[in-house]
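To start, the structure under review is shown below, and the notes come after it.
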Amino acid sequence: MRIVTRYIVLTLSVSWILGYFWKFQNLDFIWEPFGFKFFPFLFIPGIVALIFLRFIYRDKILSHFLIFGNWKFWLAAFLYPVLLCVLIIAAGYLFDIIKFQNPKNLETVILGLLFDLPLLFVWFVPSLILAEFGWRSYLSVKTSEFVSPIKAIFISSLIWAFTFLPIALYYYVESANFQFGITLILSYILMGFTFWWFYLMSKSIWVSAFLHFNWILWNSFLFGSVFNEFEPVFIGKNWITNLNGVFGIIFNFLLLIPLHYIKSHKSTKKAEK
């Protein structure tokens, strides 16, 4: 447990420092070697996990990256954030708290986005695969060696959410938007459970990385995200009509219920065999 604690302290410290310079000092820290996009804020936890596994646990690192999962989980990882976005838009119109910006050539933009999806994923995959490796494949798994699986998922999700604390504080200090700071942290705790489900069921960090990618992509495109300055298609209160807002938290929680049932049902069938 001592090694896991060291990992948590180290990743939190580095993430907070990077988060501070990213938001408060407006330093992006984006590296683009060979056309790939590397975000240290995302991939540092994975790098630390790789170092720990190689030099402390003496684990075989490559095996973690050789399982790609069933195509059904890839499809689900694409559709899950899209469904959440559709529900948020519907709820936003129902309560009259969201507006369509009507950007020019919206259909062309959407088709172009779908067409470029594989290329965009390749661009971002180095950072996202390392992020998922650090939080899901390393921290959640290693923590589950000392506590129950559900506690391990909660701890890893909580730590992951706390890496966004400087960003949450930024929205409070710079724009007095403390509501979004709170929902941002809460949404990432819940997202940790969602991403873990996809990782656990598919046994592949590639699937959870693809889910992570689609989460950021569609949230940025439709509602706006902390990761970029895209002009969103829909305008509303970001602490409500956003995947990291109230609606995102509510609908993600509701969708996690059937996912939990599917996992429990599958575990029961395995036990009966």
Taking the range 123-175 only, how many residues are over 16 Å from the mean Cα position of the chain (by Cα) and of a type in the set (Phe, Trp, Tyr)?
5
Restricting to the range 160-176, and then to whatever is closer than 30 Å to Ser140 by Cα and among the small types (Gly, Ala, Ser), can you tell me which residue is surrounded by the most Cβ atoms within 10 Å (Cβ to Cβ)?
Ala168
For the range 100-121, does any single residue satisfy the condition of being surrounded by 18 or more Cβ atoms within 10 Å (Cβ to Cβ), closer than 22 Å to Trp218 by Cα, out of contact with any His (no Cβ under 9 Å at 6 or more places or on another chain) and at pLDDT below 85?
no
How do the pairs read when you match residues in the range 170-181 that are assigned to a helix (DSSP H, G or I) with residues anywhere that are among the hydrophobic types (A, V, I, L, M, F, W, C) and buried (at least 16 other Cβ atoms within 10 Å of the Cβ), using Cβ under 7 Å and keeping only pairs 6 or more apart or on different chains?
Tyr171/Phe180; Gln179/Trp239; Phe180/Trp239; Gly181/Ala168; Gly181/Leu169
Go over the candidates Asn228, Asn219 one by one and state the one that is under 22 Å from Phe100 (Cα atoms) and at pLDDT 85 or above.
Asn219
Filtered residue count, the range 183-229, keeping only those that are under 15 Å from Val82 (Cα atoms), touching a residue at least 24 places away in the same chain (Cβ under 8 Å) and not in a helix (DSSP H, G or I)
1
So Lys99 ticks every box in (1) part of a helix (DSSP H, G or I); (2) touching a residue at least 12 places away in the same chain (Cβ under 8 Å); (3) farther than 24 Å from Phe65 by Cα but one. Which box is left unticked?
(1)
If a residue must be crowded, with 20+ Cβ neighbours inside 10 Å, closer than 19 Å to Leu190 by Cβ and among the hydroxyl-bearing types (Ser, Thr, Tyr), how many such residues does the range 138-159 contain?
4
For Phe195, which of the numbered conditions (1) among the aromatic types (Phe, Trp, Tyr); (2) closer than 26 Å to Pro149 by Cβ; (3) at pLDDT below 95 fails to hold?
(3)
For Phe221, only one of the following conditions fails: (1) of a type outside the set (D, E, K, R); (2) within 20 Å of Trp123 (Cβ to Cβ); (3) surrounded by 20 or more Cβ atoms within 10 Å (Cβ to Cβ). What is its number?
(3)
Under 6 Å by Cβ, and 6 or more places apart or on different chains, what pairs join a residue from the range 31-54 that is of a type in the set (Lys, Arg) with one that is crowded, with 19+ Cβ neighbours inside 10 Å?
Lys37/Phe124
Take the residues in the range 76-88 that are in contact (Cβ under 8 Å) with a residue 24 or more places away in the chain and either assigned to a loop (DSSP other than H, G, I, E, B) or β-branched (Val, Ile, Thr) (or both), then tell me which one is surrounded by the fewest Cβ atoms within 10 Å (Cβ to Cβ).
Val82
Tell me which residues, restricted to the range 22-75, are of a type outside the set (A, V, I, L, M), crowded, with 16+ Cβ neighbours inside 10 Å and either over 18 Å from the mean Cα position of the chain (by Cα) or part of a helix (DSSP H, G or I) (or both).
Trp22, Lys23, Pro40, Phe41, Phe43, Pro45, Gly46, Phe52, His64, Gly69, Phe73, Trp74
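The values are calculated or read from the model by the stated rules, or taken from the named source; none is laboratory data. None of the values given here were measured: they were computed from a predicted structure. Neighbour counts are summed over all protein chains in view; Cβ atoms, including those assigned to glycine, are modelled from backbone coordinates with ideal geometry.
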